[in-house]
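This report concerns only the one structure given below.
The values are calculated or read from the model by the stated rules, or taken from the named source; none is laboratory data. Quantities reported herein were computed from a predicted structural model and do not represent experimental measurements. Counting neighbours? That spans all protein chains shown, and the Cβs are built from the backbone with ideal geometry, glycine included. Each accessible area value is taken on the protein alone, full model and side chains, heavy atoms only, with ligands, DNA and RNA left out. Shrake-Rupley method; radii C 1.70, N 1.55, O 1.52, S 1.80 Å.
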Protein chains: 2
Amino acid sequence: MPNAKTPRILIVGASAAGLKAGARAARLDPSAAITVLERRTFFSYGACGLPYYVGGDVDDAEELRRTAYGSVRDEGYFAAVKGLDVCSGWTAVGLDREARAVTARRADGSKRSFEYDRLVVATGARARTLPGIELGEHVLVLHTPEDARALRRGLETGQVATAIVVGGGFIGVELAVALGDMWGCEVTILEAEDRLLPQMLDREMADLVSAALAERGVTVRTGCPVIGARSTEGGAVVEAGGALAGEPLEADRAVVALGVAPECEFARAAGLAVGRSGGLVVDDRLRTSDPDIFAAGDCVEVTCAVSGAPRYVPLGSLANRAGRVVGDNLVGLKTRFPTVAGSACVKVFDLNVAATGLSEAAAARAGLAARSAWGTFYDVAHYYPEVKTLHLKLVYERESGRVLGLQAVGAGDAVKRIDLVANLLRRGGEVAEILDLEFGYSPPFNAALDPLHGIAATALNQERFAIPGIAPSAEPEGRLVLDVRRPEEIAESPSGFSNALEIACEEVRARVAEIRPGTPLLVVCEKGPRSAEIARWLQHRGFDDVAFLAGGISLRTALRPRRTG
Amino acid sequence: MPNAKTPRILIVGASAAGLKAGARAARLDPSAAITVLERRTFFSYGACGLPYYVGGDVDDAEELRRTAYGSVRDEGYFAAVKGLDVCSGWTAVGLDREARAVTARRADGSKRSFEYDRLVVATGARARTLPGIELGEHVLVLHTPEDARALRRGLETGQVATAIVVGGGFIGVELAVALGDMWGCEVTILEAEDRLLPQMLDREMADLVSAALAERGVTVRTGCPVIGARSTEGGAVVEAGGALAGEPLEADRAVVALGVAPECEFARAAGLAVGRSGGLVVDDRLRTSDPDIFAAGDCVEVTCAVSGAPRYVPLGSLANRAGRVVGDNLVGLKTRFPTVAGSACVKVFDLNVAATGLSEAAAARAGLAARSAWGTFYDVAHYYPEVKTLHLKLVYERESGRVLGLQAVGAGDAVKRIDLVANLLRRGGEVAEILDLEFGYSPPFNAALDPLHGIAATALNQERFAIPGIAPSAEPEGRLVLDVRRPEEIAESPSGFSNALEIACEEVRARVAEIRPGTPLLVVCEKGPRSAEIARWLQHRGFDDVAFLAGGISLRTALRPRRTG
């Protein structure tokens, strides 16, 4: 029996946020009575690992439920190690806020009421789907270990040689990689938007991902919203719009990866405020509209650090951090949960893809006057053997210089740069502050100036000198293309521009007379900095309509898929 | 001829800081007349790459002087691309501040005076040595490409099978790796302090590096200050103190790697203020005590972000950033150079070693009341196949909770964590703010909670619950050791403690009666978190003298060298 002074804590949902909240509260107050209701019987698994189980990086879905030292996180573990009473197989179906009680039901139909002094709603999310999609034997979602086992069984028994992935968000892309890389499946991704990863990336950066997938044999069809899917005798048939209208696709399996939606019906029905996403509204101490009820994880909306608006960001990392904040508040500490930059990352074969804050498209939707800078960089000292390339797109507010977002794609370490900028933009940092970032420096780990310094300088220079960096996929539109690379570079990687004037940057000052005064110019080089530098000098020499190719030929070329093998 | 309105800018030193300052000023004001004096004729090379040239990662020292796209950064390059007039072979020997002129001399004895309106001193550093060391055929420093070529020639011609590295700072350690890894040399490092990398690391973290070197056959002798070195007919003989007193060591080569000292005699002689390190004193716009004279790079002192005191941090990364700030100020922009966290990193075979801010030892020297937290973590999701280990030591101010420094050693990504904390401590961030750091999360890139979240929680918990995490090398000193690992873990990695009581964490609550009330306890586990958690519960159960082993058996074991091969 809990004693009179110790609040009865009830947590609904035994996943990251709920269990972390409970464990933290128990650590702070080991005498607290903490009950956790969980509708599943297999719970507390690393859901983010499911694509890696499908792809074979993880041998057994059971591993996703083990601690790093091998204990299974079941009811006994949570009781013995964390001091939590997990009641599994109980689905919360009702909430009586006046009586402070949650009604829960078991599979056998039996019901029970659980009373609380403090309640935590941590019911997570459900897989999104669409009206025309009939889930079934060959049309699956990937949300639970059972889903993943069913898909993997089909792969292991050789029943799945072709697959359609419905949705090109990061789960869809991870899944396409898993199916293609390990199992050699012929995979097609269908995405309704005009690009992959539309929540993370703008068009050009997304096209880098499409190109990398195409190179490894994955077919990407963007602008093709799925309108129906069903199982047939031997497989699945999927109907989509756009360029695929009227041409149903067939495959051994269709996997629906349309993201997730908040799952908190019992709480919503009791009148707790929900936002546009359907997620519970919480304050900065993660209290719902009822001050005795907290909520965290994939069932809530968080606050976007950039726009200040509510944003739905269902990620295990945020759920874990939020759980700790709820645990503190459950026992009376006034810990706050910060605003969220919305960082995301995904590995696409050898390409690292990451983003934080708002894309240029998302900034425009949020009503912000955004500008962008592109750049291509080496991630470590250029003479170090393992040097790799990184393409960056920095989005900033034109007037204030405030950083709005960063996208990073390349074989180099994209995620580190995203993490640094995420934590700068979380506090309203400006582009110029990126120049002040300090990096540990040694040739295997970094260049003397980091790619972030480079992209910040590019952005600041394009504002100061009013020399636009034109989008990597744009056309010269009447400008004379001046390619300032060395002849060897041009031979190795042709620009693709017809009628380009080729003058290596070392010779531009001496040969400037070859360019007719007043000619509108587009200066191009391999990665961007040289052309920006020469453009600045040409501007000084009186060419007042001069631009450079942002990110260089390197980025422009990477946008074109090169199908191999 | 420069026009009347354009200041004549004179820069002494054509290395990172000076050239960056000049190039930036020229970009901002393309009409500026900018002259650069440089005493060498081979200049603008990536000095940080010299150990990698010695080790063979870089084929030719000339590569260190090329741009990423292959241009040689010589006088012609800087004139044609950057608009700088580099006069090489001119050594600055005098400064007349009243006349605003620098006197310089050539190798042939000829002299010339260079007038300026704005002067930049960017003369860099010289290799430090000691009175008893006679540099010569077989006793070398590694400071210039010529030094590196001489050493590599000896290696390539098979003359160097054994080598002594004098100094265990980061150049010494890089060099030992280069000599051992590529060339199979038998290498001995001699270090005066009680540990390697004494500027970066505290004792235990440094011992991880020593253990890694010992495993690969490098002999590390700490506490052995070198008192003399000279060339003999076939090699070098080195005399040291400490345990080596009276036992001179012989080897084919001795390489002196005692770090660098500021090189700015002509400026110091003209009365510019210098600090304790001998480096020029500059303000936050990098002006020396003469407002028309700027200085940057390895010849200046910077301001420590943690202590606010001057600090000598000769790193190419800072020099590059400072150069840009000087360039801005040269043309009238009031850009400031921020305080410096002092991040450093070095690759030691497969071990990544990095640090920022102050070590516990340095904090004590600075008069700060520091506390530390240790921890061992996985760097990505524990079920991901390429998961690696990372040991962290967080140093913080006890009263304020302000972060003072972080040390990170392991096969995992140490540098990313250092970079994030460097930029948090640069603005006075507290330990609790580390919990708010947002990370891009996906199993190949991160765990749901980052190691930084883990180490911050460890630090906060040890303060809140007053449960000390004892140093990884410490002994139980009368405490009963309670090993809460699973039997399989204990079998695989014995704790080394005699008479440990073994009760897996899952069983502690049920078997607590086996521990006599009042027994002082040291709880141990593999990495730290479990033992901290159990210690907290035992404290609640009335054991009021309970500690846990910080960083776990994993860290303790890694401190012991395991010589292989």
Report yes if some residue within region B:69-89 is touching a helix residue (DSSP H, G or I) at 6+ places or on another chain (Cβ under 9 Å), of a type in the set (S, T, N, Q), more than 21 Å from residue B:332 (Cα to Cα) and touching a residue at least 12 places away in the same chain (Cβ under 8 Å); otherwise report no. yes
When you scan region B:513-527, how many residues do you find that are open to solvent by less than 30 Å² (accessible area, probe 1.4 Å) and either within 11 Å of chain A (Cβ to nearest Cβ) or among the acidic types (Asp, Glu) (or both)? 1
Taking residue A:482 and the conditions (1) crowded, with 24+ Cβ neighbours inside 10 Å; (2) closer than 23 Å to residue B:46 by Cβ; (3) over 24 Å from the mean Cα position of the chain (by Cα), which numbered condition does it fall short on, given that it satisfies the others? (2)
When you scan region A:123-135, do you find a residue that is over 16 Å from residue A:20 (Cα atoms) and touching a Ser or Thr at 6+ places or on another chain (Cβ under 8 Å), even just one? yes
Does any residue of region B:492-510 turn out to be over 21 Å from residue A:70 (Cβ atoms), more than 35 Å from the chain's Cα centre (by Cα) and open to solvent by 50 Å² or more (accessible area, probe 1.4 Å)? yes
Restricting attention to region A:472-493, report how many residues are touching a residue at least 24 places away in the same chain (Cβ under 8 Å) and either in a strand (DSSP E or B) or not hydrophobic (A, V, I, L, M, F, W, C) (or both). 12
In this structure, does residue B:47 turn out to be open to solvent by 20 Å² or more (accessible area, probe 1.4 Å), closer than 17 Å to residue A:384 by Cβ, out of contact with any strand residue (DSSP E or B) (no Cβ under 8 Å at 6 or more places or on another chain) and aliphatic (A, V, I, L, M)? yes
Can you name the condition, by its number, that residue B:264 falls short on among (1) open to solvent by less than 10 Å² (accessible area, probe 1.4 Å); (2) within 30 Å of residue B:410 (Cα to Cα); (3) of a type outside the set (Asp, Glu)? (2)
Which one is nearest to the other protein chains (Cβ to nearest Cβ) among residues in region A:447-471 that are closer than 30 Å to residue B:177 by Cα and assigned to a helix (DSSP H, G or I)? A:453
Just to be sure before I move on: is residue A:383 facing another protein chain (nearest Cβ under 9 Å), farther than 24 Å from residue A:461 by Cβ and open to solvent by 10 Å² or more (accessible area, probe 1.4 Å) in the structure I sent? yes
Would you be able to tell me the number of residues in region A:130-150 that are buried (at least 19 other Cβ atoms within 10 Å of the Cβ), under 29 Å from residue A:294 (Cβ atoms) and among the β-branched types (Val, Ile, Thr)? 1
Only one of (1) open to solvent by 10 Å² or more (accessible area, probe 1.4 Å); (2) over 16 Å from the mean Cα position of the chain (by Cα); (3) among the small types (Gly, Ala, Ser) is not met by residue B:362, so which one is it? (2)
Output for region A:399-430, where each listed residue is more than 13 Å from chain B (Cβ to nearest Cβ), assigned to a loop (DSSP other than H, G, I, E, B) and open to solvent by less than 30 Å² (accessible area, probe 1.4 Å): A:401
If you scan region A:431-446, which residues turn out to be buried (at least 24 other Cβ atoms within 10 Å of the Cβ), within 7 Å of chain B (Cβ to nearest Cβ) and of a type in the set (A, V, I, L, M, F, W, C)? A:439, A:445
Part of a strand (DSSP E or B) and under 23 Å from the mean Cα position of the chain (by Cα): is that true of residue B:319 in this structure? no
Being under 21 Å from residue A:36 (Cα atoms) and either open to solvent by less than 20 Å² (accessible area, probe 1.4 Å) or within 13 Å of chain B (Cβ to nearest Cβ) (or both) is the filter here, so list the residues in region A:291-313 that pass it. A:293, A:294, A:295, A:296, A:297, A:298, A:299, A:300
Restricting attention to region B:179-191, which residues are open to solvent by 10 Å² or more (accessible area, probe 1.4 Å) and either in contact with a Pro (Cβ under 6 Å, 6 or more places away or on another chain) or farther than 12 Å from residue B:55 by Cα (or both)? B:186, B:188, B:191
For region B:365-379, which residues satisfy the criterion of being buried (at least 21 other Cβ atoms within 10 Å of the Cβ) and closer than 30 Å to residue A:55 by Cα? B:376, B:377, B:379
Residues in region B:24-55 that are of a type outside the set (Ser, Thr, Tyr) and within 22 Å of the chain's Cα centre (by Cα): how many? 8
Looking only at region A:528-543, how many residues end up being open to solvent by 40 Å² or more (accessible area, probe 1.4 Å) and either touching a strand residue (DSSP E or B) at 6+ places or on another chain (Cβ under 8 Å) or touching a residue at least 24 places away in the same chain (Cβ under 8 Å) (or both)? 4
Select from region A:335-379 the residues that are part of a loop (DSSP other than H, G, I, E, B) and under 21 Å from residue A:555 (Cβ atoms) and list them in ascending order. A:349, A:350, A:358, A:359, A:379
Just one of (1) over 23 Å from the mean Cα position of the chain (by Cα); (2) part of a loop (DSSP other than H, G, I, E, B) trips up residue B:146, so point out which. (2)
Members of region B:544-565 that are open to solvent by less than 50 Å² (accessible area, probe 1.4 Å), within 30 Å of residue B:214 (Cβ to Cβ) and not in a helix (DSSP H, G or I): B:547, B:548, B:549, B:550, B:551, B:559
Reported set for region B:336-354 where residues are under 10 Å from the mean Cα position of the chain (by Cα) and more than 8 Å from chain A (Cβ to nearest Cβ) is B:342, B:353
Determine which member of the set B:331, B:346 is open to solvent by less than 40 Å² (accessible area, probe 1.4 Å) and touching an Asp or Glu at 6+ places or on another chain (Cβ under 7 Å). B:346
Looking at A:324, A:311, can you tell me which residue is within 16 Å of the chain's Cα centre (by Cα) and touching a residue at least 24 places away in the same chain (Cβ under 8 Å)? A:311
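Condition check ((1) of a type in the set (A, V, I, L, M, F, W, C); (2) in contact with a His (Cβ under 9 Å, 6 or more places away or on another chain); (3) surrounded by 23 or more Cβ atoms within 10 Å (Cβ to Cβ)) across all residues:
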{"site": "B:10", "(1), (2), (3)": "yes, no, yes"}
{"site": "B:75", "(1), (2), (3)": "no, no, no"}
{"site": "B:85", "(1), (2), (3)": "no, no, no"}
{"site": "B:88", "(1), (2), (3)": "no, no, no"}
{"site": "B:107", "(1), (2), (3)": "yes, no, no"}
